[in-house]
Amino acid sequence: VRALGSGKPWLTLQSLAAVPLGLALCNCDSAARPADPRVDSRAAIVAAAEMQAVKDVETQFIEGWESKDPVVRWLYAPDGVIVMPNVSPQQGTTSIAETFDRYAANPNAALDFSNMKTVVSAGDDVAFSQGIYTAREADAGNRNAKLHQGYYLLVYKKQPDGRWKVVQDVSSPLPDDF
């Protein structure tokens, strides 16, 4: 076989013979050393601990928003962002705290979350959770009550101090005909 326009062969019998030898050499090292089950079990323990840590933060997050507990403010990373329907994105802990305070000040507002899935990256440094939320809003006289449902997606990042914090909090309404 010749390379196009070069007149020199790009595939020779010697290069074809080298392929199985190279594959055998690559494969023999892993076959000679079985996997260390202690390494696998340590990795599984770390992964389970990180998953639990993320779920604990999510539980605090959900309970905090549902009960209007100000602890929610500190669950966001300093550069965290909230993206909600019909509201400009809010970035940073000050802006997020103000958004939370406005919500918490309304005695007729309520939130309910239902987690569908939580995933931690293989590198144990980024995670996400997703689910469905229900929001109830009403004016000060508890008139004009509105019920909204939608999806939420929380993205967490492990901070330098080892704690997990929310870096993205995105909500998207369900269609009216859902």
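The values are calculated or read from the model by the stated rules, or taken from the named source; none is laboratory data. The structure displayed is predicted, hence computed values, not measured ones. Note: ideal-geometry Cβ built from the backbone for every residue, glycine included; neighbour counts use all protein chains shown. The protein model used for the area step is the full one, side chains on, heavy atoms only, and it has no ligands, DNA or RNA in it. Shrake-Rupley method; radii C 1.70, N 1.55, O 1.52, S 1.80 Å.
With respect to the stated conditions, Tyr152 is in a strand (DSSP E or B), closer than 23 Å to Glu50 by Cβ and among the aromatic types (Phe, Trp, Tyr). Residue-level analysis places Val119 among those that are in a strand (DSSP E or B) and out of contact with any Gly (no Cβ under 7 Å at 6 or more places or on another chain). The residues in region 89-104 that are of a type outside the set (D, E, K, R) and open to solvent by 80 Å² or more (accessible area, probe 1.4 Å) can be counted, and the count is 3.
Within region 64-88, the residues that satisfy the criterion of being within 23 Å of Pro173 (Cα to Cα) and either free of Cβ contacts under 8 Å to residues at least 24 places away in the same chain or loosely packed, with under 15 Cβ neighbours inside 10 Å (or both) are Gly64, Glu66, Ser67, Pro85, Asn86, Val87, Ser88.
Any chance you could count how many residues in region 133-147 are outside any loop (DSSP other than H, G, I, E, B) and either open to solvent by 70 Å² or more (accessible area, probe 1.4 Å) or at pLDDT 95 or above (or both)? Count: 4. The set of residues from region 110-132 being surrounded by 15 or more Cβ atoms within 10 Å (Cβ to Cβ), in contact (Cβ under 8 Å) with a residue 24 or more places away in the chain and within 17 Å of Glu63 (Cβ to Cβ) comprises Ala110, Leu111, Phe113, Asn115, Thr118, Ser129, Ile132. Checked against (1) among the charged types (D, E, K, R); (2) touching a Gly at 6+ places or on another chain (Cβ under 9 Å); (3) in a helix (DSSP H, G or I); (4) at pLDDT 90 or above, Arg73 meets all criteria but (4).
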